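One structure is given below, encoded as structure tokens.
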Amino acid sequence: MKKDKEDIKRMFEFFEAHWKSKPHKCECCGKYLGSENKTIFHDHLLEKSKYPEYKYEMSNMYLVCLQCHDEKSRGFPKPNHKKAIEHAEKTLKNN
């Protein structure tokens, strides 16, 4: 239980750093995301369930709107999102 709380805290801190490192717009479609950081805006390009070793890797992150995140999660990423996933696969898996 303590480990779960620590992991959640670490993930929120990671998302905050990711949020601060990017303009607040969807990297996929360009939609403005507002000024409030929300967890749904942070997409792990290589899913953390399959690739836990990249869970806290900034180059595995993509800042997205709810719609683009949902489409990717359902298996239908937009072309920009798909390119980012392919790039993450090439760069992260080959290191």
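Counting only lysines at least 8 places from LYS78 when in the same chain, those with an alpha carbon closer than 17 Å to its own are LYS25, LYS31.
What size of dipole, in debye to the nearest 20, comes out for the chain about its Cα centre when the only charges are +1 on Lys and Arg C-beta atoms and -1 on Asp and Glu C-beta atoms? Walk me through the numbers on the way to the answer.
Details: 20 positive and 15 negative charges, 12 e Å.
Here the chain has a charge dipole of around 60 debye.
With K and R counted +1 and D and E -1, the other residues having a Cβ less than 15 Å from that of TYR32 yield a net charge of +2.
Within segment 30-45, list the residues whose amide N lies under 19 Å from a label point set 7 Å along Cα→Cβ of HIS24. Residues passing the 19 Å test: 30-43. The slack in the chain from LYS78 to SER49, taken as 0.36 nm per residue of separation less the alpha-carbon distance, amounts to 8.3 nm. Other residues lying with their Cβ under 13 Å from the Cβ of PRO77 contribute a combined charge of -2, Lys and Arg counting +1, Asp and Glu -1. The distance between label points at LYS93 and GLU36 comes to 3.8 nm (points 7 Å beyond Cα on the Cα→Cβ vector). Let me know the shape class of segment 50-94, please: from the alpha-carbon gyration tensor, a ≥ b ≥ c as square roots of the eigenvalues, rounded when a/c is under 1.5, otherwise prolate if a/b is greater than b/c, or oblate. Prolate. Between the entries (1) 1.10; (2) 1.01; (3) 1.06, the label attached to Cα Rg over 2.2 N^0.38 Å calculated for this structure is (3). Between PHE41, PHE14, PHE76, the GNM of the chain built on Cα springs shorter than 10 angstrom shows PHE76 fluctuating the most.
Any read-out appearing in this document is the output of simple, stated calculations on the displayed coordinates, not a laboratory observation. What you see is a predicted model, and the numbers here were worked out from it, not measured in a lab. In this analysis, Cβ positions are derived from the backbone assuming ideal geometry, glycine residues included, and neighbour counts consider all displayed protein chains.
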